[in-house]
Each structure stands twice: as C-alpha cells, then as structure tokens.
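**Student:** Submitted below is the structure of interest, expressed as structure tokens.
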Amino acid sequence: MPRGHAVVPLINRLAKRFLHVVLTQDWHPPDHLSFASAHPGKQPYDTIAVDYGLQILWPDHCVRATHGAEFHKDLRIPHAALVLRKGIHHKIDSYSTFYENDRKTPTGLVGYLRERGFTRIFLAGLAFDFCVRYSAEDAHREGFEVVVIEDACRGIDVDGSMTTARESLDGLGVVRANAEVVS
Ligand SMILES: [Zn+2]
C-alpha cells in the first residue's frame, strides 16, 4: 500500500500508551480466494460473486509464513499479548478481525476481549477503508466502545471506499479521532 509504512512510528508510540495490545495479521493460504491471481482473466480490484456475496479481488498479499505476511520490520510492540491471524480459510476472506467476510465465521477475538474484561478498544493500522472499518463495525455491534485513530491508519480507496467507510462509522457513532487523544 502506498505509504502504508508511514504509520509504523506513530503506532509504536501509541502502543506505549496502552497496557493491553492485540496485533492482527493477514495470514492467507496460497491461492486464497481473495487473490486475483487465483481467478483466470481477473485483475486486482475486480469484483466476483462468491458464496457470501461480492468479493473484491486483491493482488497476492500476506501469504502465510512468507515474507509478505510478516509484521513491518520496524514495528516494536513487545508487550502485545496476542497475535490474531485472520483470512486463514481458503474460501473466505476476512477484513474484520472479529468476523470473516461471510459475517458469520468468528475469529475468536470477541471471546478473548470479553474474557479479559475489556470494554473499549482503539483501532489503528491498515487499511482504514477495509480491515479497520469492518473491525470497528463488528466491535461496535458486539457492544464495545470503539475509537478509530485515523491518523494512525492508511486506506486503499477503491471506488470511493474511504468516504463510504467514514460515513458508515459516523452513522454508527464510532468515534474517529487522532493520536493526540491518547497522548
Ligand atoms: Zn488479505
């Protein structure tokens, strides 16, 4: 993602303000359904119909146990207690870190957060208009108080998806803030 790496120093600084941090990691099998390369004749950002609705196709990315799936080399959050891997199923993509794109298959993170007694989450990272947006919406629906730290995110902006994401979050009452709110 263009300038996606630019959020790393800010996220490192932000993470120091939190006692409890969860890292989420896209972790796809090779030939994942979300890869344009797995669909002959399709290009990245084309849309296809799958069992759970429409799915945008992406360039190959974050293939499990390869360099592309690793965290950025400059990310320094040693106190993160959990690394949640998502998108692990061959036939389902996962934007949200709570539910995969069929909107039914849980990743287990809701249970983890509840069992730990957390009621409010702050989100940062990539990509604002997909993984961050859907994570925020699911967390809101599950009853968590949600703050998206927007200057610690970067987006992709496919067909106006940045605007759509902001409108959706605002409509739900999810707070969009900048990093200064936690500094
Ligand atoms: Zn992915």
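The values are calculated or read from the model by the stated rules, or taken from the named source; none is laboratory data. Just so it is clear, the structure is predicted and the values come from calculations on it, not from any experiment. With ideal geometry, Cβ positions are generated from the backbone for all residues, glycine too; neighbour counts draw on all protein chains shown.
**Student:** Taking region 17-32, which residues are assigned to a loop (DSSP other than H, G, I, E, B), within 10 Å of the ligand (Cβ to nearest atom) and not aromatic (Phe, Trp, Tyr)? So that I can check it myself, show each step before the final result.
**Tutor:** Initially, region 17-32 is screened for residues assigned to a loop (DSSP other than H, G, I, E, B), giving 17-21, 27, 29-32.
Filter again for within 10 Å of the ligand (Cβ to nearest atom), leaving 27, 32.
Within region 17-32, His32 is the sole residue that qualifies.
Quick grid of which residues meet (1) closer than 18 Å to Asp102 by Cα; (2) under 16 Å from the mean Cα position of the chain (by Cα):
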site: Gly4; (1), (2): no, yes
site: Asn12; (1), (2): no, no
site: Lys16; (1), (2): no, no
site: His20; (1), (2): no, no
site: Gln25; (1), (2): no, yes
site: Ala36; (1), (2): no, no
site: Gln43; (1), (2): no, no
site: Trp58; (1), (2): yes, yes
site: His67; (1), (2): no, no
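**Student:** If you take the residues in region 82-102 that are hydrophobic (A, V, I, L, M, F, W, C) and in a strand (DSSP E or B), which one is farthest from His32 (Cα to Cα)? Write out each step before concluding.
**Tutor:** Narrowing region 82-102 to residues hydrophobic (A, V, I, L, M, F, W, C): 82-84, 88, 92, 98.
Of the ones still in play, those that are also in a strand (DSSP E or B) are 82-84.
Details: Leu82: 24, Val83: 21, Leu84: 18 Å.
Here the residue is Leu82.
**Student:** Something else: Which of (1) within 16 Å of the ligand (Cβ to nearest atom); (2) surrounded by 15 or more Cβ atoms within 10 Å (Cβ to Cβ); (3) farther than 24 Å from Thr107 by Cα is the odd one out, the single condition Tyr52 does not satisfy?
**Tutor:** Of (1) within 16 Å of the ligand (Cβ to nearest atom); (2) surrounded by 15 or more Cβ atoms within 10 Å (Cβ to Cβ); (3) farther than 24 Å from Thr107 by Cα, only one is false for Tyr52: (3).
**Student:** Hey, another quick one. Does Ile121 satisfy the condition of being at pLDDT 95 or above, within 16 Å of the ligand (Cβ to nearest atom), β-branched (Val, Ile, Thr) and under 15 Å from the mean Cα position of the chain (by Cα)?
**Tutor:** On the way: at pLDDT 95 or above: yes; within 16 Å of the ligand (Cβ to nearest atom): no; β-branched (Val, Ile, Thr): yes; under 15 Å from the mean Cα position of the chain (by Cα): yes.
Answer is no for this residue.
Conditions tested, residue by residue: (1) touching a Gly at 6+ places or on another chain (Cβ under 6 Å); (2) surrounded by 15 or more Cβ atoms within 10 Å (Cβ to Cβ); (3) farther than 21 Å from Ala65 by Cα.
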{"site": "Ser94", "(1), (2), (3)": "yes, yes, no"}
{"site": "Tyr99", "(1), (2), (3)": "no, yes, yes"}
{"site": "Leu113", "(1), (2), (3)": "no, yes, yes"}
{"site": "Thr119", "(1), (2), (3)": "no, no, yes"}
{"site": "Gly125", "(1), (2), (3)": "no, yes, no"}
{"site": "Asp129", "(1), (2), (3)": "yes, yes, yes"}
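**Student:** So in region 55-92, with the set limited to residues that are under 30 Å from Arg13 (Cα atoms) and of a type in the set (Lys, Arg), which one is surrounded by the most Cβ atoms within 10 Å (Cβ to Cβ)?
**Tutor:** The residue in question is Lys86.
**Student:** Go through the residues of region 29-46 one by one and say whether even a single one is modelled with pLDDT of 95 or more, closer than 13 Å to Asp93 by Cα and in contact with a strand residue (DSSP E or B) (Cβ under 6 Å, 6 or more places away or on another chain).
**Tutor:** yes
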